[in-house]
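A quick write-up on the structure given underneath.
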Amino acid sequence: MSPPRVELRSVHLDDARALAALYTSERSFLAPFEPTRDEAFYTAAGQRRILERTIGLRVAGFADRFLILADEALVGVLTVNNIVRGVFQSGSIGYFVAHAHNRRGIATQAVARVCEWAFGESGLHRLEAGTLIDNVASQRVLEHNGFTRIGVAPQYLLIAGRWQDHVLFQRLAE
């Protein structure tokens, strides 16, 4: 079986229904890795509100959100948040690939694509990412993409209803 062809595409308002379906189908799988979500998050209307905010942040240069497509099918989401310009030129990434598509190299390819975008078109100097301590698969994705471990942040993010420690990574532009 050949590896899937992976593409990133910036989100559009008309992606709301597809995103709601994806998040709904992956709800149990994602629950241990994500913030507690309200019910509206899993609806097309809720996703549309998020997309409206995201597109506004994209236009201002502070964030972007991408669909992860494998062989043209929607299989995940990758975000670049907290973009800071000026002397910092940095952003933070987060991503997921649907459970049925894990272990196929899709996340690794998607992170590679976002690094190309970040250090090229977007002009960033640094990307950072954090993973839960025991999320070894995501840590490998980052390491395969040239990210280096920079430490552990205690109680870094409110995930699954509690403050959890994260391993922090960064990658600098070449």
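Things to note:
- Inside the range 107-126, residues that are of a type outside the set (G, A, S) and in contact (Cβ under 8 Å) with a residue 60 or more places away in the chain make up a count of 4.
- Pairs, first under 15 Å from T79 (Cβ atoms) and part of a strand (DSSP E or B) in the range 1-25, second modelled with pLDDT of 95 or more and aromatic (F, W, Y), C-beta under 9 Å, six or more apart: L8/F66; L8/W117; R9/F66; S10/F66
Residue-wise test of (1) out of contact with any Phe, Trp or Tyr (no Cβ under 8 Å at 6 or more places or on another chain); (2) aliphatic (A, V, I, L, M); (3) modelled with pLDDT of 95 or more.
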position: M1; (1), (2), (3): yes, yes, no
position: S10; (1), (2), (3): no, no, yes
position: D14; (1), (2), (3): yes, no, yes
position: Y23; (1), (2), (3): no, no, yes
position: P35; (1), (2), (3): yes, no, yes
position: Y42; (1), (2), (3): no, no, yes
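- Qualifying residue in the range 92-102 (condition: under 15 Å from the mean Cα position of the chain (by Cα) and of a type in the set (F, W, Y)): yes
- Residue list for the range 18-41, restricted to those being of a type in the set (K, R) and within 18 Å of N102 (Cβ to Cβ): R27
- Of the residues screened, L51 is not one that is touching a residue at least 24 places away in the same chain (Cβ under 8 Å), in a strand (DSSP E or B), out of contact with any Phe, Trp or Tyr (no Cβ under 6 Å at 6 or more places or on another chain) and buried (at least 18 other Cβ atoms within 10 Å of the Cβ).
- Screening R37 on (1) assigned to a helix (DSSP H, G or I); (2) under 23 Å from L157 (Cβ atoms) shows it passes everything except condition (1).
- Any hit, the range 32-47, residues being in contact with a strand residue (DSSP E or B) (Cβ under 6 Å, 6 or more places away or on another chain), surrounded by 17 or more Cβ atoms within 10 Å (Cβ to Cβ) and within 30 Å of L124 (Cα to Cα): no
The values are calculated or read from the model by the stated rules, or taken from the named source; none is laboratory data. All values reported here derive from a predicted model rather than from experimental measurement. Here the Cβ is made from the backbone with ideal geometry for all residues, glycine too, and neighbour counts use every protein chain on show.
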